[in-house]
Amino acid sequence: MGKPYETEKGRGGALKASCLGPAGSYSELAARELCKGCEIVLCHSFSDAVSLLVGGEVDCAVLPVENSLNGGVLPVLDLLAGADIFGEEEYLLPIDHRLAMLEGVRREDIKTVYSHEQALGQCARYLHENFPSAALIATASTAESVSRLDLSSAGIVGAHVKREGLVLSAENIADNKQNFTRFLRVVRGEGSVRRSSMVFLCAECAHQPGSLLGLLAIFYRHGLNLTRIESRPLKDSFGQYRFFIEFAGDIASAEVREALSEVKAYCTAFKLLGAYL
């Protein structure tokens, strides 16, 4: 696990929350909304943020789980499925991507563009039209791309990033301006949520015809509306998949509890990932 970035210390006795850094990342913005009053521990990777939580070094972690343009954040879905953690609260963050260059750099001199792979993908049309020959290099986060800049490169960062000698484009350069990322505040163990409007789980079915249909039929019978379904391949079983399912429902209601009980009995593997308003 990488050593965390230097953090902004909370007041004495403050709780700690981990998230992807460095300072200025979208994850830090979300963490400051979801974990107000906490000391924010900025990490080099999502895995590091979760490791700090599981190891008891922080009280919660803030992770991006889905983008409105690119779908699920796949490394995070795998971490949610594999670690003893639980999502208790969500936050929807508007994403405003800006082209960043060092002061004095000319656009025609740009040979490389740095940013997180999600940002590069969300600005793909803009990059193709404006920098068709530039190499696109993925960084651990949008904010980290700033540290890579030189006289022949640019980065993609959030509009909130302010730094002396850094010039941001006047406009959002994302291909689709209606761009949001959903973040979850996760805690160790099974959490303590008593009521919810959304429930999130992952499950694996028997590898046979009709098994997924049988799983989805359980939600149908209980009148539960699915808001999201996504699959991820199992790392050790080629051709088999884990399904990530979110549905609208109150974790305290009889309908939801009965449905979850049936899903757990039906599936070969099951994990409740979160419940939140």
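Read-outs throughout are calculated quantities, based only on the coordinates presented, and are distinct from any laboratory measurement. Since we're looking at a predicted model, the values are computed, not measured. Here the Cβ positions follow ideal geometry from the backbone for every residue, glycine too, while neighbour counts run over all protein chains shown.
So the values come out like this:
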| quantity | calculated |
| --- | --- |
| Amide N proximity, the range 129-144 versus Arg107 label position 7 Å along Cα-to-Cβ, cut-off under 12 Å | 129-132 |
| Cα-based Lys proximity count in the chain, under 26 Å, for pairs eight or more positions apart or on separate chains | 14 |
| Tensor-based shape of the range 192-251 (alpha-carbon gyration tensor, a/c under 1.5 rounded, otherwise prolate or oblate) | oblate |
| Whole-number percent relative contact order across the range 71-142, with pairs defined as alpha carbons under 8 Å at least 6 apart | 31 percent |
| Neighbour cut-off at most 15 other Cβ (10 Å), DSSP loop, GluC sites (Glu not before Pro), the range 184-277 | Glu190 |
| Beta bridges per DSSP with both ends in the range 97-168, % antiparallel, nearest 5 | 50 percent |
| Relative contact order [Cα under 8 Å, 6+ residues apart], the chain, whole percent | 21 percent |
| Structure-based [θ]222 nm, the chain - -39500 (n - 2.57) summed over DSSP H runs of at least 4, per residue, nearest 500 | -6500 deg cm²/dmol |
| Relative contact order (%) - criterion: Cα under 8 Å, at least six apart; region: the range 178-277 | 43 percent |
| The chain - Cys residues lacking any other Cys C-beta under 4.7 Å | Cys19, Cys43, Cys60, Cys123, Cys202, Cys205, Cys267 |
| Percent of beta bridges antiparallel (DSSP, the chain, rounded to nearest 5) | 75 percent |
| Top positive-direction residue, dipole computed over the chain with Cβ charges, set Ala217, Ser153, Leu120 | Ala217 |
| Charge dipole (debye, nearest 20) of the chain; +1 at Cβ of Lys and Arg, -1 at Cβ of Asp and Glu | 140 debye |
